[in-house]
Amino acid sequence: VPASNGNGLSVKKDLAVKNVANGQAKSLAELEDKWESFTFAPIRESQVSRAMTRRYFTDLDNYAESDIVIVGAGSCGLSTAYMLGKKRPDLKIAIVEAGVAPGGGAWLGGQLFSAMVMRKPADAFLNDLGVPYDDEGDFVVVKHAALFTSTLLSRVLAFPNIKLFNATAVEDLITRPAPTPTDPHAVRIAGVVTNWTLVSMHHDDQSCMDPNTINAPLVISTTGHDGPFGAFSVKRLVSMQQIEKLGGMRGLDMRTAEDAIVTKTREIVKGLVVGGMELSEVDGANRMGPTFGAMALSGVKAAEEALKVIDE
Ligand code: AHZ
């Protein structure tokens, strides 16, 4: 700062006050005690609109052809995205999440309690993410499920090759004929059909609200067990006669449920890998209740299975 009046300190202070009045402070320390002169940098409303919409439409354009679409951003979908983002910066990955808030059921540990339990060896996933926990021997406890989910989410969203489209529902699957010797009507999955979730919820009382699409050679579905939105892709596989029927999620058995979900995470029909609790509906597997290790490790396996298909 040029000390033109011979008093460098006061010139410096004047400049700082001027900066604070124009939104140009370079650090929070510069703001301290100068709130009387404080203003934000100038703006016109259209700049805000354009800053948002230009990026969104560029993303829609860019991700209309994706390498992988993940349906559902619950604990399994986000874990899958994290592994893919880490391993493959060359792939374009779209996540489509029906909810406004991503995270699925992983904001609380169970019955509205805060702590989240993960059985070992899912602590390896937490170590990788950098989420602290209490070690209780065969399992670990994260002090708040939201710490796990927010950390995972922030890591996933920071990958430049991953785009999260939230408040967007997958309404259908794109298919292509892929006949086999035993099934002439077999298809492979070639992408997803999307719509704003609030539109999807009004198909019964508004007519002709046609959807949009994303093409991708591989879809990973992690939409959770059956419910208002859950088990979406596997229910659709039944209605389009690609699998005969669902096994239906069975009662709670922590001991068997978690191993079954992780080890059976796989490509169910060509181009569609299913992970997390959506898989329990296909295989007739038990639920595990409030223990989340299988969701993280099913995500690790889903990423591995997806890359096998992509690199095939
Ligand atoms: O909004 C849903 C949620 O965030 C989203 N989703 C569902 N259908 C969708 C669709 N389009 C887009 N058609 C859709 N998004 O999928 C997400 C599923 O998250 P989740 O937390 O329900 O499933 P998960 O398999 O990742 O985790 C399951 C956690 C459970 S359930 C359970 C039990 O019931 O015993 N135990 C555990 C650990």
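I need the calculated FRET efficiency for the pair ARG266 and ASN161, taking r as the beta carbon distance and R₀ as 30 Å, to the nearest 0.05. Don't skip to the answer; put the middle values down first.
Working: r = 24 Å, r/R0 = 0.81.
Efficiency, from the Cβ-Cβ distance: 0.80.
Can you sort TYR133, TYR82 from fewest to most other Cβ atoms within 10 Å of each residue's own Cβ?
Least to most surrounded, the residues fall as TYR133, TYR82.
When only Cα pairs under 8 Å and 6 or more residues apart are kept, what is the percent relative contact order across region 173-312?
Relative contact order, region 173-312: 23 percent.
Could you run the Debye sum over the Cα atoms of region 184-312, one equal point scatterer each and no solvent, and tell me log10 of I(q)/I(0) at q = 0.17, 0.19, 0.22 Å⁻¹, two decimals?
-0.93, -1.10, -1.30
Nearest 10 degrees is fine. How inclined is helix 75-87 to the longest principal axis of the chain, computing both from alpha carbons?
Once rounded, one gets 70 degrees.
Using Cα pairs closer than 8 Å and at least 6 residues apart in sequence, work out the relative contact order for the chain, in percent.
On the way: 625 pairs, mean separation 57.8, N = 312.
Result for the chain is 19 percent.
Let me check against my output: what whole-number percent is the relative contact order of region 72-204, with C-alpha pairs under 8 Å and at least 6 apart?
Computed value for region 72-204: 27 percent relative contact order.
Pairs LYS163/LYS301; LYS87/LYS235; LYS86/LYS120; LYS87/LYS245: which are spaced more than 24 Å apart, C-alpha to C-alpha? Don't skip to the answer; put the middle values down first.
Working: LYS163/LYS301 21 Å; LYS87/LYS235 30 Å; LYS86/LYS120 22 Å; LYS87/LYS245 34 Å.
Over 24 Å Cα-Cα: LYS87/LYS235; LYS87/LYS245.
Per-residue ellipticity at 222 nm for the chain, helices alone: DSSP H runs ≥ 4 residues times -39500 (n - 2.57), over residue total, nearest 500 deg cm²/dmol?
-11500 deg cm²/dmol
Subtract the Cα-Cα distance of ASP90 and SER154 from 0.36 nm times their separation in residues, and report this length gain in nm to one decimal.
Working: separation 64, 0.36 × 64 = 23.04 nm, distance 1.97 nm.
Value of the extension gain: 21.1 nm.
For PHE113 and VAL193, FRET efficiency with R0 = 45 Å and r from the beta-carbon atoms, rounded to 0.05? Working shown, then result.
Working: r = 37 Å, r/R0 = 0.83.
Once rounded, the FRET efficiency stands at 0.75.
Assuming 0.36 nm per residue, please report the length gained on full extension of the stretch ASN212 to LYS308 beyond their Cα-Cα distance.
Contour length minus the Cα-Cα distance gives 31.8 nm.
Out of the DSSP beta bridges found with both residues in region 199-298, what percent are antiparallel (nearest 5)?
Of those bridges, close to 40 percent are antiparallel.
Using alpha carbons only, how many degrees (0 to 90, rounded to 10) separate the axis of helix 45-63 from the longest principal axis of the chain?
For 45-63 against the chain, the angle is about 30 degrees.
Picking from MET118, MET209, MET83, which is most flexible by a Gaussian network model of the chain using Cα springs under 10 Å?
In the Gaussian network model the winner is MET209.
Using a Gaussian network model on the chain with a 10 Å cutoff between Cα atoms, which of PHE165, PHE38, PHE292 fluctuates the most?
Looking only at PHE165, PHE38, PHE292, the largest GNM fluctuation is found for PHE38.
Give me ILE214, ILE243 ranked fewest to most by other Cβ atoms within 10 Å of their Cβ, as a rough exposure proxy.
Final ranking by Cβ density, sparse to dense: ILE243, ILE214.
Length gain on complete extension for the stretch LYS18 to ALA186, per 0.36 nm per residue less the alpha carbon to alpha carbon distance?
In short, 53.6 nm is gained.
Quick check: the distance between the Cα centres of region 144-161 and region 223-299, to the nearest angstrom?
23 Å
Of VAL238, VAL156, VAL48, which is the most mobile in a GNM of the chain whose springs link Cα atoms less than 10 angstrom apart?
Largest GNM mean-square fluctuation: VAL48.
Just so you know, all these numbers are worked out from the coordinates, no wet-lab data involved. Everything numeric in this text was worked out from a predicted model, so none of it was measured. Counting neighbours? That spans all protein chains shown, and the Cβs are built from the backbone with ideal geometry, glycine included.
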